Amino acid sequence: MQRQYWSTRLQTNFSPEQLADPHVAESEQILRKCVHCGFCTATCPTYVLLGDELDSPRGRIYLIKDMLENGRAADRETVTHIDRCLSCLSCMTTCPSGVDYMHLVDHARIHIEKTYRRPFKDRVARSVIAATLPYPKRFRAALRAAGLARPMAGLLKRVPWLKTFGVMLDLAPAALPPAAARPEIHSAKGARRGRVALLTGCAQPVLRPEINDATIRLLTGQGIEVVVTEEEGCCGALVHHMGREEQALKAARRNVDAWLKAADESGLDAVVITASGCGTTIKDYGHMLRLDSAYAEKAARVSALAKDITEYLADLDLPEQAARGLTVAYHSACSMQHGQKITTMPKELLKRAGFTVRDPAEGHLCCGSAGTYNILQPEISAKLKARKVRNIEATRPNVIATGNIGCITQIATGTTIPIVHTVELLDWAYGGPKPAGI
Ligand code: SF4
Ligand code: SF4
């Protein structure tokens, strides 16, 4: 009886008019793949924490189905449970039926953004985030101001409609590294054996410019020319996850133009990305722009070029280094392991570079960073952070390594163990400076 239940695919009842919308047609195909087995619930961080079916992937799938099928505006209950989703994509790794939850929840978020009027304080907070974080100059200025206002964080958090701003102040670092201008071309050392474009990112160069420095040094040292195009900008992931589709597509088009110009001028082997959250989105540009006849093909080309830095380095066959006597806890960002399915490569590179690597327990669970989640859902985010830090500290590492700036910022506020980007350790092992804090 149970087997029969599991083998029954979700029935949908969309009208032909509804299915004429390609977004609805795609979501219908995704929904019909779900066999309601519930395997995904066990690995969903919000279900593990809250125990509510509506905060599980299966529950959210039902809510989305009901909202889209009835062609109705999003209601408060649906928005609450979709907002609590981290988009960590752990459910996609677990699902035996291949349900494409990522594109389903993306569609749901766009529908929510178009049809639901959030309370005034939420609208203001979201608009401030969308107008600040994706732009390095504005983000830097905002962090400077936040640093001055930081003593007020506790007070703001006690006022319900100012709470989000109090959380933002809490997350702002006490000091910022200076802004560094970058030349457009970083020449290969010795004989050139490759050429890549590097996404420098929006938040990352403001919070931790050392990551791009290490990447450029390591790549050029291995004979790879690195191009940093002036025209590139934020990948669009932050606003994409807020359902602000037009803003996300605008960012995607801008980057597609920038990188294809570099590719067509002098050739590119890859677009290298050092933040896995951005990598997941850029690898999805082809899908995001599939309905744009002017960009569909170009975006698919860029997605095919996109590589996480560890994917690119794995192909360079870096030489094995002597043991360094340093234990690294490797935190696999959700966007790395679930979004891009990159699991062993970063650890193999670290081991080859002479580090001892440990895997923390519950490695599949999100640290609670998830783009802007730690600002918009601070309570759940804090619980996930505490759980993640407990598991990491249990491995007794000298240092934590990960491949996503969001996770670095999140985990750093919960532990005294130094945390760095994987590429900073690799750069050190292959001749670069020792990362600060180790
Ligand atoms: S999303 Fe996948 S794992 Fe979850 S209930 Fe549906 S078929 Fe099962
Ligand atoms: S993306 Fe993550 S939080 Fe959202 S439903 Fe899937 S497992 Fe749960």
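What follows is calculated from the coordinates using simple rules that are stated; it is not laboratory data. Everything quoted here is computed from the prediction, not taken from an experiment. Here the Cβ is made from the backbone with ideal geometry for all residues, glycine too, and neighbour counts use every protein chain on show.
How high is the FRET efficiency from residue 192 to residue 131, r the C-beta distance, R0 41 Å, rounded to 0.05?
Numbers: r = 40 Å, r/R0 = 0.98.
Once rounded, the FRET efficiency stands at 0.50.
Can you pull the one-decimal nm distance between simple spin-label points at residue 250 and residue 8, each 7 Å off the Cα toward Cβ?
According to this spin-label approximation, the distance is 4.7 nm.
Could you give the spread of the C-alpha atoms of the stretch 218-276 along their three principal axes, from largest to smallest, in whole angstroms?
Extents along the principal axes: 40, 24, 16 Å.
Relative to the first principal axis of the alpha-carbon coordinates of the chain, what is the inclination of helix 210-221, with its axis defined by its Cα atoms, in degrees from 0 to 90 and to the nearest 10?
For 210-221 against the chain, the angle is about 60 degrees.
So, R0 is 35 Å and r is the distance between the beta-carbons of residue 36 and residue 317; what FRET efficiency does that work out to, to 0.05?
Values: r = 46 Å, r/R0 = 1.30.
About 0.15, to the nearest 0.05.
Out of all DSSP beta bridges with both ends in the chain, state the antiparallel percent to the nearest 5.
Values: 2 of 23 bridges.
Taking every DSSP beta bridge with both residues in the chain, the antiparallel ones total about 10 percent.
As an exercise, find the ratio Rg/Rh for the chain from alpha-carbon atoms, using the Kirkwood inverse-distance average for Rh.
Details: Rg = 21.7 Å, Rh = 22.6 Å.
Ratio of gyration radius to Kirkwood radius: 0.96.
Using Cα centres only, tell me the gap between the stretch 94-163 and the stretch 240-302 in whole Å.
22
Taking 0.36 nm per residue of separation and subtracting the Cα-Cα distance, what length does fully extending residue 266 through residue 120 add?
Computed gain between residue 266 and residue 120 is 47.7 nm.
Determine the calculated [θ] at 222 nm for the chain from helices alone, applying -39500 (n - 2.57) to every DSSP H run no shorter than 4 residues and normalising by the residue count; nearest 500 deg cm²/dmol. Before the final figure, lay out each step's value.
Working: 25 runs with 221 residues, N = 438.
Rounded to the nearest 500, it is -14000 deg cm²/dmol.
At 1.567 mPa s and 4 °C, plugging the Kirkwood radius over alpha-carbon pairs of the stretch 15-69 into Stokes-Einstein gives what diffusion coefficient in µm²/s?
Answer from the Stokes-Einstein relation: 107 µm²/s.
If each of residue 29 and residue 176 carries a label point 7 Å out from its Cα toward its Cβ, how far apart are those two points in nm?
So the two model labels end up 4.4 nm from each other.
Fully extended, how many nm does the chain gain between residue 17 and residue 257 (0.36 nm per residue separation, minus their Cα-Cα distance)?
Values: separation 240, 0.36 × 240 = 86.40 nm, distance 3.47 nm.
Extending this stretch completely gives an extra 82.9 nm.
Taking every eigenvalue of the Cα gyration tensor of the stretch 185-314, multiplying by 5 and rooting it, what semi-axes result, largest first, whole Å? Can you show the working numbers first?
Values: eigenvalues 119, 55, 25 Å².
Ellipsoid half-lengths, sorted descending, are 24, 17, 11 Å.
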